[in-house]
Structure formats: C-alpha cells, structure tokens
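A short reminder: the numbers here are calculations on the coordinates, not readings from a lab. Since we're looking at a predicted model, the values are computed, not measured. A quick note on method: Cβ atoms are made from the backbone with ideal geometry, for glycine too, and the neighbour counts reach across all protein chains shown.
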Amino acid sequence: MEAEFDLVIRNGSIVDGSGRPGFRADVGIAGGIIRRIAPMIEPDLARHTIDAEDRVVSPGFIDTHTHDDLYLLTCPTCDDKVRQGVTTEVIGNCGQSVAPASAAHRDMLLDFLKIIGSAQVDRADLNAGSFEDYLRKLERAKPGINVLALVGHSTVRMSCMGMADRAPSDQELQDIRALVSQAMQAGAFGLSTGLIYAPGNYAATEEIVALARVLAPFGGIYATHLRSESDREIEAIAEAIRIGEEAGAHVHISHHKIGGRGNWGKSSETLRLMAQARSRGIGITCDQYPYRAGSTYLAAILPPRVLAGGPSVFSRNLKDEAFRRDLIRAVEDGTEPGWDNLLKGSGFEGILISVSRRRDYVGKTIAQIAEMECKNPYEVIFDLVAEENVGVIAILFGMCEEDIRRIMQDPWTMIGSDGIPGFGVNRVHPRMTGTFPRVLGKYVREEAILSLEAAVRKMTSLPAETFGLKRKGGRPAVEKGRILGATSGQVLRREA
C-alpha cells in the first residue's frame, strides 16, 4: 500500500486547543497539513512515525507578543521559540516595527530599535524601506516558524516627524495614516502602540483613534502597550477601550500586568473593565507573560520629555547637573503628568541591569552598582543612559503572584513572551526562552492554576481566532531535542 502520510504521530493524548478534554488518537500529516485524526491509522500508510505514548500532542503554540523582528533575520530557525513548542509568533509590538523606515529618520529609528537588536544586526538588513520590503526580506530569510507582523505606531510616527514631542500637523497625520494603510495593504495584521515610550507617549488619544480607524476595512487588530501599567492603569485601559470603540477595531492589551506595590490587587478591576466592554460588543483580549519582573530599556524609566529629540539630544542633556536635579524632583514627587513612573514602582533595588557595555554591571541592581561605585543611585542611571542611551536593558521587579494568577485564569488572556533577544551575547529576561514551559510547568502541573486544556487553548485557538490566522501548516522543526533547521515557516499576511 502506498504511503498516504509523510508523518503519523501515534498513541498520543490529543489536546486540540478547543478547551475540551483530551482524547487518544493518531494524527496523520501530509504536505505539512493535518489530514486525518483517527483512533488508529494503519502503520503502512506512514513514511515516518513518531510514537507519542505517554505524551500530549497539541497544535503548535502561538507567541502573541514578541520582539523577534531582527532576530528572525539572523536566526531564521528561531531556536529560542521552537524549543518551547512555538510555531507561530507575532512581531512588531509595543509600537516598534522595523518598517516603514524613512531616509530622513533612519538613524534615529536604528537607535530606537537597539532594544530589539539593531546593534547586533548587519546594517544592510536594517534598510527595510517599506513594510512590504521588510516582509519580503523576512520571506527571503526562510523562517522556520510562521510569522505575522504588526506595524508600529512609534515607527510610522518617527518616519514622518522624528522624535518631536507635539501633535502632528494635518499633513503629518495624513502621511502617518498613509503609511499605516500601506502596511495593512502589504499584509500587516494590525497596528501596535507603545504609549509608555517616546515617541508613542507624545500622541494624544485622538491621534491613535485616527490611525486605528485605518484598520477597520482590513479587519486589523489594535494591540497596545498601555499608557500606564501601574498608577494610572484604569485610565489607560479606558483609553484603549475608547480607541477600539471609536475606531471599530478589536483591542488587544499587551503583556497585561499590575505594576507597583501600591497597585497590587487591581487586576480584579482591570479584568472587570474588559468584561464590561465585551458586554457592550467591543472586542477586547489581552496577553501575559508568567513572571513577576518585566524588562525594557533603562531610559524608559525617565519622563518621556527627556527623550525628545533623540539620543544625541538627551545624552547631552543628561550630563547637565541642573537637568539631573530637575529629573530627580520629577521622580520623587511623582506629579509629572502622562508618565508611568517605573522607578518609583520598582525602587533602585528592584532594577537589575541585563544588557550593557559595562559588563561588570550586568546582573547587578542599581542599588548594588551605586554601592560598588560609591555613587548616588540616580547618578548611576543618568550616567548609563548618557553613555549608552537606549542600549542599556534592565529587568524591573514590580508585580505580585496574586495578579499574575488572576489574569492568567481569565478566559480571554493568552500567552505572549515579550521576549527580548540576546543574540547569544547578552543576558536577557528568561521569558525569551522560558515562557511557555513555565506556564505548563509551574501554573498547570505544579499549582493547578489552569487545566492543561485551558492552557493549550490560550496558546493556540484563542490567539488564532483573535488575530485571524488561517491555513497555517508546518513540518518537524525539533526532534529529540535537536533543531532540524526547518525553513517551512510562512510570513503570514492578513486576509480581510
């Protein structure tokens, strides 16, 4: 009998992502697509067989929030994700996408993208130009996993008006809208914002609504790093809901968390706000990584106004003593509007340096470095940012387990790593390589916060439905712990 399947996975317990209980069956795959699920598939119908006795078989996981935009160009097999069972990921998050890039502000964009690896990537790979150019570049890289891209608000804003701390002119807003529309036509799945960061933070709600309205004809999603994830988070979620309602777009809250000890427990209210919005017919979901600490570039703990004009400007300003004194007052009194005071929420002892040219600082907190250098902790921060601008990455401790568990149990929460690639040379947050195993290990097996079926749904069907994924397929990428170097991933494009 001629083989009907390239691969048959036998004897496994199938957890199909629907949330329903697992069941025993064989899975037959041909041409990278599941062709049959049956209690038993005849052995001679398979060219290759995997015995999954005492194992769980599930769809490939979808990492809904990543920053692998450049990592995919240097490591197309995406080893850090494949080893976790991830077969599809969403890039272009937090307002940061590699494209579109204008010639006038390309150097500024490269500085802005240091956190996702622009300093570790060949400069030729960074000259993406249009969004379509970038997607084609990804396709030529032949990724080993499926990729879907969002267009970043900060990137399109920067392409038209640099790091200007003001509202766009009518013409600038028209130009920004045109770039978003071109990206959607090229196949972007939606628009992302990073409203805690400059220059995204400079945008008023009305600007975001105007851009999100571009998404509706395409069925695109609005994914947002909220304007606040701590003291003003309730207001920030209300803003996101307003944007979705006025623009007619599905809202997706990125890496939902409750930051700052004084805010712990507020997840009850944030989840209630989302549920109320859904009851009014507004589509809203969120994702989460399963750790008490977050990570971002160190400069993000400063007021956004400090970063106006770009690295050359703020690096110079940070060397001025009067400027430094003004910043210390802003942090200490906490009254400056429109700013998430991450330093106040974490404290010097809760901010750990993970990436810096100062190798002796890596793995130490700001408090420890200050003691080591006999410096005021503020001076440590200002000196580092002045010397390396956005190249210094920190891990910030500021969340509690109660909120993590409550958010995770909500049926509309999915899993996103928010991983920052280390390119093999930097120490980065463990969420890059450990998010999915940690959910399955700590929160499913050990603590029973979720059932296995519920967790797999959060990693598969829920994100697929939310982002509108269709006709995905795949071939083996890892076997017995060994990366096979598969290049069968697809650069997915949004279908209206």
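The coefficient of translational diffusion for the chain, derived via Stokes-Einstein from the alpha carbon Kirkwood radius under 37 °C and 0.692 mPa s, stands at 141 µm²/s.
Sequentially through segment 424-430, phi angles give Karplus couplings (6.51, -1.76, 1.60; θ = phi - 60°) of x, 10, 10, 8, 10, 4, x Hz, Gly and Pro residues having no value and appearing as x. Per the Debye calculation on segment 7-57 with a single equal scatterer at every Cα and no solvent contribution, log₁₀ I(q)/I(0) for q = 0.29, 0.30 Å⁻¹ amounts to -1.18, -1.23.
Longest exposed-loop-site-free stretch of the chain, with GluC sites (Glu not before Pro), DSSP loop and at most 12 other Cβ within 10 Å? Formally, the longest exposed-site-free interval is 54-446.
Of the residues Tyr378, Tyr297, Tyr289, the one with the fewest other Cβ atoms within 10 Å heads the list, and the complete ranking is Tyr378, Tyr297, Tyr289.
Near the amide H of Val478, within less than 5 Å, lie the amide hydrogens of Leu484, all on another chain or at least 5 residues away, with H placed in the peptide plane.
In the structure shown, the pairs Lys319/Lys375; Lys364/Lys458; Lys114/Lys458; Lys114/Lys266; Lys142/Lys364 are assessed against 27 Å; a Cα-Cα span above that value is assigned to Lys364/Lys458; Lys114/Lys458; Lys114/Lys266; Lys142/Lys364.
May I ask you to list the trypsin sites (Lys or Arg not before Pro) in segment 42-103 that are in a DSSP loop and have at most 14 other Cβ atoms within 10 Å of their Cβ? Passing sites in segment 42-103 are Arg47, Arg55.
Sites listed here are trypsin sites (Lys or Arg not before Pro) in segment 403-496 whose DSSP assignment is loop and whose Cβ has at most 10 other Cβ atoms within 10 Å: Lys470, Arg471, Lys480.
The residue among Ile237, Ile407, Thr87 whose Cα reaches farthest toward the positive pole of the charge dipole of the chain, with charges on the beta-carbon of Lys, Arg, Asp and Glu, is Thr87. List the aspartates and glutamates whose Cα sits under 16 Å from the Cα of Lys442, skipping any in the same chain fewer than 8 residues away. Cross-link targets: Glu401, Glu402, Asp403, Glu453.
Listed by chain and number, the aspartates and glutamates whose alpha-carbon sits under 17 Å from that of Lys470, ignoring those within fewer than 8 places in the same chain, are Asp16, Asp63, Glu89, Glu495. Both radii come from the Cα set of segment 357-399: Rg as radius of gyration, Rh as Kirkwood radius; their ratio Rg/Rh reads 0.94. Only Lys, Arg, Asp and Glu carry charge here, each on its Cβ (+1 for the first two, -1 for the last two); on that basis the chain has a dipole of about 600 debye about its Cα centre. Taking Lys and Arg as +1 and Asp and Glu as -1, the other residues whose beta-carbon sits under 12 Å from that of Ala46 total -3. Does segment 162-254 come out rounded, prolate or oblate, given a ≥ b ≥ c as the square roots of the eigenvalues of its C-alpha gyration tensor, rounded meaning a/c under 1.5 and, failing that, prolate meaning a/b above b/c? In terms of gyration-tensor shape, oblate.
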